[in-house]
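I have placed the structure first, in the form of structure tokens, so that the comments after it can refer back to it.
The values are calculated or read from the model by the stated rules, or taken from the named source; none is laboratory data. Because the structure is a prediction, the values reported are computed rather than measured. Here the Cβ positions follow ideal geometry from the backbone for every residue, glycine too, while neighbour counts run over all protein chains shown. Note: areas computed on protein heavy atoms with side chains; ligands, DNA, RNA excluded. Shrake-Rupley method; radii C 1.70, N 1.55, O 1.52, S 1.80 Å.
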Amino acid sequence: MSTSNAPTGVCPFSGATGPAETDPPAEPVAAPPISASPGTFAEAPVAGWVTIPDLYNDPFPIYQRMRAESPVHWVPAVNRYMVTSYAACHEIEQDEARFSADENNSLMKRAMGHSMLRKDNPKHQVDRDSYGSTLRPGTIKKHWNQIFASNHAKSLDALIAKGPGADFVWDYAAPYTAENLRLICGFHNATQEDLQRWSQSMIDGTGNYADDPEVWAKSAAASEEVNAAIDEMLPYLAANPDHSLLSGLASLPIPLEAIRANLKMTIGGGLNEPRDVLATTVWALLNHPEQLAAVKSDPKLHAVAFEESVRWVAPIGMYPRETTADVVLEGVHLPKGSRLGVVLGAANRDPRIFEDPESFNIFRPKKPHLGFGGGVHFCAGTWIARAQVAQIAMPALFERIPDLRLDPSSQSIDAGWVFRGLTKMPVTWG
Amino acid sequence: MPTITFAQSSGATTEITVAEGTSLMRAAVTNSVDGIVGECGGQGMCATCHVYVRPEFTDQLPELSDDEDEMLDCTTAERTDSSRLGCQIKMSPALMNIVVDVPADQV
């Protein structure tokens, strides 16, 4: 490096000022067999053996088999192509011209309205810019961190009051992240329990592939509640501005329809994800005592453990795209209008990129994972998640309950594939 | 057309010629230059296209915005007075033969 100047800033997340240590990169593993010679392409193999219950239970052995066969499969059970290699997922993220986010017949549009997550540029950028600086590192450092710390102390008090045997997800991680999201959005007229109910109801609608009328009814009811809450808050926040998203939106010429859809997307994407990363990271560390000991002795490793957790079990495991033309993706032909599932949960365990990818290992050589997505739809809440989980919650949790452990009398359960996390995680101490 | 030289910490260099208006990050990602990730596609949101601009070119660079400034505090490799985000540097005649050093780490 030709530069030798002293550091001029400190990252508000890791506190790091110097270059991080990394190991040499892993040797690449041989590419998988693709039955196409240069200039030709293959049709996607059909994975009729993949079932949704198997994916929900544990998708990772399925992804291993799929990646080894082809970067893309047609999966009848899911009614779309599933893209599982790192290279193919990365190519899609970087090319919104051929791989549109504006999916036809989108369940998310039906459940939440047409948010920025299902728009392409330039329309997407207008919505994205309307979120201003609320989610950016400067605002987090100056404003949100102290609020997160206060919310965290209350949530941890509640967990401790519940006593050994309490559930890490439902008695601590969920209320904590829901309360943070409530204030980030600006819902001073709702409770964190409302946020949890809204979020889950609309997420269930977004995933209602079975077209269950009861799921749609609950989702629609939650959507109406959010509309009413927004309608009430916008004039209040216009007169009493704060740092929240709704406060910023109250003074912008953004159509109400877009505000509603974007807030619903944020309620869906801003609660379960930090909740699940917090639980998955702590669960993984409690299962790997040597890594936990390292994190406790070096505070900078909280951020490393967080990133490894997002790689290992991406909280959003798959998101949709649609081809705008006939394309050849990593040697596989996809007709125009193909519905794709970009399987980040599989890409993040691609052995061509990550050595021993199935293991949780905070000491692995650092490589960019795809857990926050990439390109123009790169997760807008990335820095909020890093702050509330790795910077605020984890250090305080292990300091307050140094002997936290999984409850040996009651098994934890991890589940899901489009969204994956712990659904049950009893913990004990003392 | 402007030429960008990316110098790696290993000593290796890559020269890329691009159209005016192309960002330094996009030029690197399109041409698979090692060490430039560009996760967020150029929105100044991820701090993974961090570069050190050689001093002889700093006067020609666009002014540092508040958004870029706060993001540069979040780079993995150390921030110095030469640090910029590649996505915020658009190629222009003034930067015709710019040389930047690529940090050893972006994530």
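Among the residues of this structure, A:Ser130 counts as one that is at pLDDT 95 or above and open to solvent by less than 50 Å² (accessible area, probe 1.4 Å).
For residues in segment B:44-62 being more than 7 Å from every other protein chain (Cβ to nearest Cβ) and more than 17 Å from B:Ile4 (Cα to Cα), which is surrounded by the fewest Cβ atoms within 10 Å (Cβ to Cβ)? Here the residue is B:Gly44.
Just one of (1) farther than 19 Å from A:Asp129 by Cβ; (2) without any contact (Cβ under 8 Å) to a residue 40 or more places away in the chain fails for B:Thr48. It is (2).
Going through A:Lys336, A:Lys296 one at a time, which residue ends up being surrounded by fewer than 20 Cβ atoms within 10 Å (Cβ to Cβ) and within 21 Å of A:Ser359 (Cα to Cα)? Working first, answer last.
Working: A:Lys336 fails: within 21 Å of A:Ser359 (Cα to Cα).
Step by step, each of A:Lys336, A:Lys296 is checked, and only A:Lys296 is surrounded by fewer than 20 Cβ atoms within 10 Å (Cβ to Cβ) and within 21 Å of A:Ser359 (Cα to Cα).
Right, B:Asp66: of a type in the set (Asp, Glu) and either modelled with pLDDT of 95 or more or open to solvent by 50 Å² or more (accessible area, probe 1.4 Å) (or both) or not? Steps first, please.
On the way: of a type in the set (Asp, Glu): yes; either modelled with pLDDT of 95 or more or open to solvent by 50 Å² or more (accessible area, probe 1.4 Å) (or both): yes.
Yes, satisfied.
Residues in segment A:137-193 that are polar (S, T, N, Q) and not in a helix (DSSP H, G or I) were compared, and the one that is nearest to the chain's Cα centre (by Cα) is A:Thr191. Residues in segment A:55-77 that are closer than 24 Å to A:Val328 by Cβ, open to solvent by less than 60 Å² (accessible area, probe 1.4 Å) and not in a helix (DSSP H, G or I): A:Ser70, A:Pro71, A:Val72, A:His73, A:Val75. Can you find a residue that is surrounded by fewer than 19 Cβ atoms within 10 Å (Cβ to Cβ), hydrophobic (A, V, I, L, M, F, W, C) and under 17 Å from A:His243 (Cα atoms) anywhere in segment A:147-163? Yes, that holds for at least one residue.
Which one of these is within 14 Å of chain B (Cβ to nearest Cβ) and buried (at least 23 other Cβ atoms within 10 Å of the Cβ): A:Ala380, A:Ala346?
A:Ala380
Considering only segment A:136-155, state which residues are basic (Lys, Arg) and within 14 Å of chain B (Cβ to nearest Cβ). Scanning segment A:136-155 gives A:Arg136, A:Lys141, A:Lys142.
Any chance segment A:28-38 includes a residue that's in contact with a strand residue (DSSP E or B) (Cβ under 9 Å, 6 or more places away or on another chain), of a type outside the set (Ser, Thr, Tyr) and either open to solvent by 60 Å² or more (accessible area, probe 1.4 Å) or modelled with pLDDT of 95 or more (or both)? Among the residues of segment A:28-38, at least one is in contact with a strand residue (DSSP E or B) (Cβ under 9 Å, 6 or more places away or on another chain), of a type outside the set (Ser, Thr, Tyr) and either open to solvent by 60 Å² or more (accessible area, probe 1.4 Å) or modelled with pLDDT of 95 or more (or both), which makes the answer yes.
A search for C-beta distances below 6 Å between a residue of segment A:353-377 that is facing chain B (nearest Cβ under 10 Å) and any residue that is charged (D, E, K, R) and outside any loop (DSSP other than H, G, I, E, B), counting only pairs 6+ apart in sequence or on different chains, returns A:His369/A:Arg311; A:Gly374/A:Glu93; A:Gly375/A:Glu93. Within segment A:78-85, the presence of a residue that is small (Gly, Ala, Ser), under 20 Å from the mean Cα position of the chain (by Cα), under 30 Å from A:Val169 (Cα atoms) and not in a helix (DSSP H, G or I) is excluded. Does B:Ser83 qualify as being under 17 Å from B:Ile4 (Cβ atoms), buried (at least 23 other Cβ atoms within 10 Å of the Cβ) and either small (Gly, Ala, Ser) or away from chain A (no Cβ under 12 Å) (or both)? Criteria met by B:Ser83.
Residues in segment B:16-28 that are over 11 Å from the mean Cα position of the chain (by Cα) and either open to solvent by 40 Å² or more (accessible area, probe 1.4 Å) or facing another protein chain (nearest Cβ under 7 Å) (or both): how many?
Within segment B:16-28, residues that are over 11 Å from the mean Cα position of the chain (by Cα) and either open to solvent by 40 Å² or more (accessible area, probe 1.4 Å) or facing another protein chain (nearest Cβ under 7 Å) (or both) number 4.
From the list A:Pro408, A:Pro395, the lone residue that is open to solvent by 10 Å² or more (accessible area, probe 1.4 Å), of a type outside the set (Asp, Glu) and not in a loop (DSSP other than H, G, I, E, B) is A:Pro395. Against the list (1) touching a Pro at 6+ places or on another chain (Cβ under 7 Å); (2) open to solvent by less than 10 Å² (accessible area, probe 1.4 Å); (3) within 14 Å of chain B (Cβ to nearest Cβ), the condition A:Val389 fails is (3).
Any chance segment A:310-327 includes a residue that's modelled with pLDDT of 95 or more, within 11 Å of another protein chain (Cβ to nearest Cβ) and open to solvent by less than 10 Å² (accessible area, probe 1.4 Å)? Yes, because at least one residue in segment A:310-327 is modelled with pLDDT of 95 or more, within 11 Å of another protein chain (Cβ to nearest Cβ) and open to solvent by less than 10 Å² (accessible area, probe 1.4 Å). Filtered by the rule that a residue be in a helix (DSSP H, G or I) and surrounded by fewer than 20 Cβ atoms within 10 Å (Cβ to Cβ), segment A:91-127 gives A:Glu91, A:Leu107, A:Lys109, A:Arg110, A:Lys123, A:His124, A:Gln125, A:Val126.
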